[in-house]
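The values are calculated or read from the model by the stated rules, or taken from the named source; none is laboratory data. Source: prediction; values computed, not measured. No Cβ is skipped: glycine too gets one built from the backbone with ideal geometry, and neighbour counts run over all protein chains shown.
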Amino acid sequence: MRRGTFLRFLAALSVFAIVAAACREEEAPPTGDGAERIDVSVWFQGALTGDYNYLVIPAFQGAQLRATELNAETDFPATITVKQGDTQGDPANAPPVVEQVVSDPDTVAVVGPAFSGESEASGDTYNDAGIPFVTPSATNPALADKEWDYWYRGVANDAGQGALAGQYLDEIVGAQSVFVSHDKGTYGQGLAEVVQETLEGAGVEVAGFEGIETGATDFSAFITGVEKSGADTLFFGGYDADFGKIVKQIRDEGLDIELMSADGSTSITFLALAGEEAEGTHLVCPCNLAGDFADRYNAAYGGKIAAVPIYAAEGYDAMSMIGEGIRQAVDGGATTAEDIRLGIKEYLDTLTPDNPFDGEAKQVAFDPETHELAAEDPESLYYFYKVEGGSIVGLGSAPEVLGG
Amino acid sequence: MDCVTNVVDQFWDQTRNGLTLGAIYAMIALGYTMVYGVLQLINFAHSEVFMVSTVVSLYAFRDWFGITEPASGITLILVLIGALIPAMLASGITAVAIERLAYRPLRRRGAPRLSFLISAIGASLAISYLFNLMDGQHSLLFVPLPNILGPAPQPVPDVVSGEALFSLFGTPWNGKRVLIIVVAVVMLVVLDRFVRGTRLGRGIRAVAQDQETAALMGVNINRIIVTTFFIGGTMAGAAGMLYALNFNVTAWNIGFLPGIKAFTAAVLGGIGNIRGAMLGGLMLGLVESFGVACTAPHWANVIAFGVLVVVLMFRPTGILGERAVA
């Protein structure tokens, strides 16, 4: 039975290797001048692996970039260790991650959760534990109804996004008849419903409202339906992997209609999957991809996974605000993680529309009641994009494009 | 009712959609049905056999042949053959490797059927997640994994133009769809001839009918089983190449849905029955496409599996009945 023993040994070895790989400790960042610094953990919760990790990794890298910068500042009073709370974006994976975060005695704040579904599954625990959590990318409007005192949304929500998409289709694209589709997810369907309502309100015909099978590859039956509906425009609420395939196949079928989606499809994956056929596709996103931050981010990370650094600046800004909170808390005499958490929360609460944080992505301020991202002109938090020459080109913020 | 108008309105379009999708299901379903025929085992890792071929096709088109725009004429034929053969081989070898590592050790020890099932699911998950992790940033056993695929879906370059070749009842057919139908029909006919008409095919049928008696008659069981896995693998390989070519995409989890659907097709046609798998595949493709026309895409699965339940109610062993390979 030598062979059998060997196989068993091999199996045991691989299991060991996988476990070892999974448990690999994150390297601690270098400490600055060796002065008395408080060790704190800031967790990033989101899909760091799995189907949608490329939508989340930019935000994580943005946060990490900022933490590295803060740690390198000689007068920064703490050493931030960014810890990875990987949920693969699945709410079912959230509870164990949340448990880890809460039981870490050094935890002072969380950047995340990245998606709306996992936010719902995690928020109560963070709120009860008094850990401030700032999401760079969860956009479902209903999260604000949870009334979590320690939750902050560093990005504009889908209600505004859908309404602006509808307005854009009506006024800028000049659509007469729109087929509204979605991926049946919390994010995609919610967004599509707002688009549908907006279009109907504006008197634009909605030729169809249908959900697709997410993760499918052959969309031809769906596309035949779109074609026969006579729509001149297709809106899709959902993620890039689906939208890229749909766009490619629509053009392959020779269907010449206008196409639009939102932040879930604003990615390099969409561009790659749709190829040349992506040309002319419209996008709306509460993310600002312009400015020199994108260059800095790409310089630090090579932009391999995300040539479209969606929410990278939002992740960076979330960490900046948390860092500022830590600084003020420690300067104010806080020494324990509990005190620092409270200090961060107090600092975040001071960020109101008349006293915003000057971030890389935008001026960040929170509504004192809901902790939604707030601004003097809420529409200025959204940006329109169009695919031109194979890349996602900014058209400007919503007020600029729609003319106020 | 929208359903009737849509079905009438979209009849030829959806027939085309259903036939091309069904041809792919049929080719994958063969692997499930043949393995079931000889081992009474559902090889759930078969979806990964399919996935491997889409990845090989990606490399063939993108890197080996450096395709950037649709080819034509003799170049096209050479590229297609040059991708099809390695894709089929890679899938065949993957299938044989799965048999070696995941099933044969269990077979030797006479493990209960449930163990095979768990082993199959394990092999499936292990292979697909291995491809997910192969993005050049992860290590296994402290050996860095190569950058092969990674978590994001990868675009496959357009080899065959999406332009319509001809119109049938007002429905345009492009080269990709024509190619799928042609290759599928050729493969299925060849396989059918092979299993019915050759010595090796007779061996497969003999093992499927009665393993012990076949062994007593001098049939080398292990060789037959390996052959069965290999042939089923090459069929999934051909399907994978056509899939990548038609939909211009591959991903670590691309095998999951077609795998489930093809398994359904195999059961629908009568598991263990080769012609049944072909028929089941085409039927499922058509039912799905017309289901979408009749309702909406989000109902497609409800309708497809509803049909499966109804068929099994009246014909518990599938349309053509459960027969041991043939």
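Look at residue A:267 and say whether it is within 14 Å of another protein chain (Cβ to nearest Cβ), surrounded by fewer than 20 Cβ atoms within 10 Å (Cβ to Cβ) and small (Gly, Ala, Ser). No; evaluated as a whole, the condition is false for this residue. Here residue A:255 passes the criteria (1) more than 8 Å from chain B (Cβ to nearest Cβ); (2) within 24 Å of residue B:299 (Cα to Cα); (3) in a helix (DSSP H, G or I); (4) more than 20 Å from the chain's Cα centre (by Cα) except the one numbered (3).
Just wondering, is there one or more residues in the range B:39-60 that are part of a helix (DSSP H, G or I) and farther than 26 Å from residue B:82 by Cα?
yes
Residues that are under 23 Å from residue B:120 (Cβ atoms) and at pLDDT 90 or above number at least 1 in the following helices (runs of 4 or more DSSP H) confined to the range B:227-326: B:256-269, B:274-294. Which one is farthest from residue B:28 (Cα to Cα) among residues in the range B:250-260 that are surrounded by fewer than 24 Cβ atoms within 10 Å (Cβ to Cβ) and within 9 Å of another protein chain (Cβ to nearest Cβ)? Ranking the candidates gives B:253 first. Scanning the range B:95-132 for residues that are closer than 19 Å to residue B:152 by Cα and either crowded, with 21+ Cβ neighbours inside 10 Å or among the polar types (S, T, N, Q) (or both) turns up B:124, B:127, B:128, B:131, B:132. A Cβ distance below 6 Å, combined with a sequence gap of six or more or placement on separate chains, defines the contacts here; from the range B:268-288, residues that are away from chain A (no Cβ under 14 Å) reach residues that are among the small types (Gly, Ala, Ser) and not in a helix (DSSP H, G or I) in the pairs B:268/B:318; B:269/B:318; B:270/B:318; B:270/B:321; B:272/B:324; B:276/B:270; B:276/B:318.
Name every residue in the range B:56-72 that is aromatic (Phe, Trp, Tyr) and crowded, with 20+ Cβ neighbours inside 10 Å, in order of residue number. Can you show your working first?
Step one: list which residues in the range B:56-72 are aromatic (Phe, Trp, Tyr), which gives B:59, B:61, B:64-65.
Hit for the range B:56-72 is B:61, nothing else.
Tally the residues that are touching a residue at least 40 places away in the same chain (Cβ under 8 Å) and within 26 Å of residue A:268 (Cα to Cα), restricting the search to the range A:65-82.
So the answer is 4.
Only one residue in B:216, B:179 is touching a helix residue (DSSP H, G or I) at 6+ places or on another chain (Cβ under 9 Å) and surrounded by fewer than 21 Cβ atoms within 10 Å (Cβ to Cβ), so which one is that?
The match here is B:179.
Filtering the range A:84-139 to residues that are part of a loop (DSSP other than H, G, I, E, B), surrounded by 17 or more Cβ atoms within 10 Å (Cβ to Cβ) and within 15 Å of the chain's Cα centre (by Cα) leaves A:87, A:88, A:89, A:112, A:113, A:114, A:115, A:136, A:137, A:138, A:139. If you check B:98, B:118 for being touching a residue at least 12 places away in the same chain (Cβ under 8 Å) and more than 10 Å from every other protein chain (Cβ to nearest Cβ), only one passes: B:98. Residues considered: B:77, B:28, B:42, B:81. Of these, the only one that is closer than 30 Å to residue B:204 by Cβ and free of Cβ contacts under 8 Å to residues at least 60 places away in the same chain is B:81.
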